1. What ranking of 149, 122 emerges when the number of other C-beta atoms within 10 Å of each C-beta is taken as an exposure proxy, fewest first?
2. Over the chain, what is the relative contact order in percent, taking alpha-carbon pairs closer than 8 angstrom and at least six residues apart?
3. Just subtract the alpha-carbon distance of residue 149 and residue 75 from 0.36 nm times their residue separation and send over the number in nm, one decimal.
4. Sort 83, 93 so that the residue with the fewest other Cβ atoms within 10 Å of its own Cβ comes first and the one with the most comes last.
5. Over the chain, what lengths in whole Å, largest first, do the semi-axes of the equivalent ellipsoid take, defined as the square roots of 5 times the eigenvalues of the alpha-carbon gyration tensor?
6. State the extension gain, in nm to one decimal, for the chain segment bounded by residue 217 and residue 170, taking 0.36 nm per residue of separation less the distance between their alpha-carbons.
7. Of the residues 61, 130, 154, which exhibits the maximal mean-square fluctuation in a Gaussian network model of the chain defined by a 10 Å Cα contact cut-off?
8. How much FRET efficiency would the formula 1/(1 + (r/R0)^6) give for residue 59 and residue 162, where r is the Cβ-Cβ distance and R0 is 25 Å, rounded to 0.05?
């Protein structure tokens, strides 16, 4: 659980019941809603919304783990490793530590279960003035995450990076028409951050290998087929 979340009634019970029902080869993640603004124009930049329970397996075209609202068995960390400390708040690549863990869990054969009854609220304490800088940080982390998992002969991460860029470019006409200059700048910051994070990771991190904290201590893995249908909306 992140330190800027509010707990909703029945959150822990819903999360724990789902985890116990699914077993040690599953990870449960829950719904993250935006809390009411705490400052004028306050924003909660990261949410996970959806009212239907969904089970994910295998390789996906998106990121489905809200690490600020999740439960898993300790054996999962032993198998796939902990969070990569190079990613996320406080690191050089300040986001996507949850996306990276999600990818490694799915690659190891784990299921990720979205339980909509396990609800947290993300505090809206940031101002609109923080948004451009935040989007730059998100782009840096995403770009590094894509670069980390680039593999010869597997173009999935390149396709995902390209899709992110195309998605930002498609917003430009509407932003200009509505004169949403701050949002236009934030989209540009995210896109530039993608390339900055990916390039820096390739130049500095790929040759060093993963830190000990995110290396598995249990080598047993399995593979399962992927499913993308019915995804909750991650914003």
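Readers should treat all values here as calculations from the given coordinates under stated rules, not as data from a laboratory. Keep in mind that this is a model prediction, so the values were computed, not measured. Positions of Cβ are backbone-derived with ideal geometry, glycine not excepted, and every protein chain shown enters the neighbour counts.
1. Working: 149 15, 122 23.
If I rank by nearby Cβ atoms, fewest first, I get 149, 122.
2. Details: 455 pairs, mean separation 74.8, N = 235.
Averaging sequence separation for qualifying contacts and normalising by length gives 32 percent for the chain.
3. Details: separation 74, 0.36 × 74 = 26.64 nm, distance 2.27 nm.
In short, 24.4 nm is gained.
4. Values: 83 17, 93 28.
Ordered from fewest to most neighbouring Cβ atoms within 10 Å, 83, 93 come out as 83, 93.
5. Working: eigenvalues 150, 113, 53 Å².
Over the Cα atoms of the chain, the semi-axes work out to 27, 24, 16 Å.
6. Working: separation 47, 0.36 × 47 = 16.92 nm, distance 4.31 nm.
Using 0.36 nm per residue and subtracting the Cα-Cα distance, I get 12.6 nm.
7. Fluctuation is largest for 154.
8. Details: r = 17 Å, r/R0 = 0.67.
Efficiency, from the Cβ-Cβ distance: 0.90.
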